[in-house]
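Colleague: Questions regarding the structure given below will be posed in turn.
The values are calculated or read from the model by the stated rules, or taken from the named source; none is laboratory data. Just so it is clear, the structure is predicted and the values come from calculations on it, not from any experiment. Ideal geometry is used to build each Cβ from the backbone, glycine not excepted, and the neighbour counts take in all protein chains shown.
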Amino acid sequence: MHNPNDQASGIRKMRQIKPKPVRVIAVTSGKGGVGKTNLSVNLGVALSQMGRRVALLDADMGLANVDILLGLSPKYNLSHVLQGEKTLEDIMLTGPAGLKVIPASSGVQQMSELNNIEQAGVIRAFSEIDQNLDVLIVDTAAGISSSVVNFARACQEIIVVVCDEPTSLTDAYAYIKLLNRDYGLNKFHVVANMVQSVQQGQQLFNKLCKVSEKYLDVTLSYTGAVPFDEYLRKSVQKQTPVLEAFPRSKAALAIRNLALNIDRWPIKIQAGGYLEFFVERMIEYSTQEDAA
């Protein structure tokens, strides 16, 4: 018979060995079609090329496609970790520049169905890779479903990707509004994707910033822009990140600049900076959602 006190004691012991903080970033958007996943993949590669140890978690439980963009064929995914069949090390794939990829599971609702022993196992699985990781990028699904919201709430930093479409800006605003008014999140980073010029990227940010800061209690910061680039489309067809397929393209240069900006963000030295806390929060939020 399992003793819950033993489990709690085990988790406390894990926390006494304090791992270094890991930068945990959600890349998300109000709507699909803005190039969010492609950006996540290439940011991961750019940070890896800079010498950072990076993992990319595919958190799109309905239309997972990180593996497709990278030409990878996962045999196992996060669901096998949740079920206790595999460890994170077992399911992680190695992509370009040493980028580690955690393939998506079949549904984040499984988090709310885990018993206490399984929850501790998942938390331990993430905490065990702390020492081998500098950055975790969480590529969420588009939209404002509960799983998207829960992943965003569990991350330290949230990057909202927008493009030059009216629906992109209105959906991004709706997404920021939901996280701010319902969950108290008030700091967001913005990346303008597929823009025609640097000026257009800044204009998109200014539009979103003007309405958000007028009606919401939020602070938006501009991380930068990625230009529309035919080489991006060609790299997708090649199932190779643009930073590797066409490293001197305009898009590749812009993404490297984004990665440099992100790398300069201060790391929050707090509970949320450790991967086991990221998973704990995911489990907590999913369980709350299930109970509601």
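Colleague: So Gly184 clears everything in (1) crowded, with 17+ Cβ neighbours inside 10 Å; (2) under 20 Å from Val24 (Cβ atoms) except one condition, right? Which one?
Modeller: In the conditions (1) crowded, with 17+ Cβ neighbours inside 10 Å; (2) under 20 Å from Val24 (Cβ atoms), Gly184 misses (1) alone.
Colleague: Something else: Find the residue count for region 193-232, including only residues that are in contact with an Asp or Glu (Cβ under 8 Å, 6 or more places away or on another chain) and surrounded by 15 or more Cβ atoms within 10 Å (Cβ to Cβ). So that I can check it myself, show each step before the final result.
Modeller: Applying the first criterion (in contact with an Asp or Glu (Cβ under 8 Å, 6 or more places away or on another chain)) to region 193-232 yields 194-196, 200, 204, 219-220.
Filter once more, so that each one left must be surrounded by 15 or more Cβ atoms within 10 Å (Cβ to Cβ): 194-195, 200, 204, 220.
Result for region 193-232: 5.
Colleague: Next up: Would you please name the residue that is nearest to the chain's Cα centre (by Cα), looking only at residues in region 30-52 that are surrounded by fewer than 20 Cβ atoms within 10 Å (Cβ to Cβ) and assigned by TED's automatic domain parsing to the domain that holds Ala245? Give the derivation first.
Modeller: Here is the first cut: in region 30-52, the ones surrounded by fewer than 20 Cβ atoms within 10 Å (Cβ to Cβ) are 32-33, 49-52.
Adding the requirement that they be assigned by TED's automatic domain parsing to the domain that holds Ala245 leaves 49-52.
Values: Gln49: 18, Met50: 19, Gly51: 19, Arg52: 16 Å.
The extreme case among them is Arg52.
Colleague: Can you pull out every residue in region 53-66 that is modelled with pLDDT of 85 or more and surrounded by fewer than 19 Cβ atoms within 10 Å (Cβ to Cβ)?
Modeller: Within region 53-66, the subset modelled with pLDDT of 85 or more is 53-58, 66.
Of everything in region 53-66, just one residue is modelled with pLDDT of 85 or more and surrounded by fewer than 19 Cβ atoms within 10 Å (Cβ to Cβ), namely Arg53.
Colleague: Are there helices (runs of 4 or more DSSP H) fully within region 175-292 with at least 2 residues that are under 30 Å from Leu82 (Cα atoms), acidic (Asp, Glu) and touching a helix residue (DSSP H, G or I) at 6+ places or on another chain (Cβ under 6 Å)? List them. Can you show your working first?
Modeller: On the way: elements: 198-215, 230-237, 242-245, 250-263, 275-291.
Once the helices (runs of 4 or more DSSP H) in region 175-292 are filtered for at least 2 residues that are under 30 Å from Leu82 (Cα atoms), acidic (Asp, Glu) and touching a helix residue (DSSP H, G or I) at 6+ places or on another chain (Cβ under 6 Å), what remains is 275-291.
Colleague: Can you tell me which of (1) at pLDDT below 95; (2) more than 25 Å from Asn42 (Cα to Cα); (3) not acidic (Asp, Glu) is the one Leu216 doesn't meet?
Modeller: (1)
Colleague: Which condition does Leu78 not pass, out of (1) modelled with pLDDT of 90 or more; (2) over 14 Å from the mean Cα position of the chain (by Cα); (3) over 17 Å from Glu244 (Cα atoms); (4) surrounded by 24 or more Cβ atoms within 10 Å (Cβ to Cβ), if it passes all the others?
Modeller: The single condition Leu78 does not satisfy is (1).
Colleague: Still on this structure, I have one more. Look at Gly71 and say whether it is part of a helix (DSSP H, G or I), within 26 Å of Asn193 (Cα to Cα), in contact (Cβ under 8 Å) with a residue 40 or more places away in the chain and of a type in the set (Gly, Ala, Ser).
Modeller: Numbers: part of a helix (DSSP H, G or I): no; within 26 Å of Asn193 (Cα to Cα): yes; in contact (Cβ under 8 Å) with a residue 40 or more places away in the chain: yes; of a type in the set (Gly, Ala, Ser): yes.
Taking the combined requirement at face value, the residue does not satisfy it.
Colleague: On to the next question. Residues in region 81-96 that are surrounded by fewer than 18 Cβ atoms within 10 Å (Cβ to Cβ), assigned to a loop (DSSP other than H, G, I, E, B) and charged (D, E, K, R): how many?
Modeller: 1
Colleague: Only one of these conditions is not met by Leu243: (1) in contact with a Phe, Trp or Tyr (Cβ under 9 Å, 6 or more places away or on another chain); (2) among the aliphatic types (A, V, I, L, M); (3) in the same structural domain as Ile123 (by TED's automatic domain parsing); (4) over 26 Å from Ala154 (Cα atoms). Which number is it?
Modeller: Unmet for Leu243, out of (1) in contact with a Phe, Trp or Tyr (Cβ under 9 Å, 6 or more places away or on another chain); (2) among the aliphatic types (A, V, I, L, M); (3) in the same structural domain as Ile123 (by TED's automatic domain parsing); (4) over 26 Å from Ala154 (Cα atoms): (1).
Colleague: Looking at region 213-235 only, could you name the residues that are over 20 Å from Leu39 (Cβ atoms) and either basic (Lys, Arg) or under 22 Å from the mean Cα position of the chain (by Cα) (or both)? Outline the logic, then answer.
Modeller: Going residue by residue through region 213-235, those that are over 20 Å from Leu39 (Cβ atoms) are 213-219.
Result: Lys214, Val218, Thr219.
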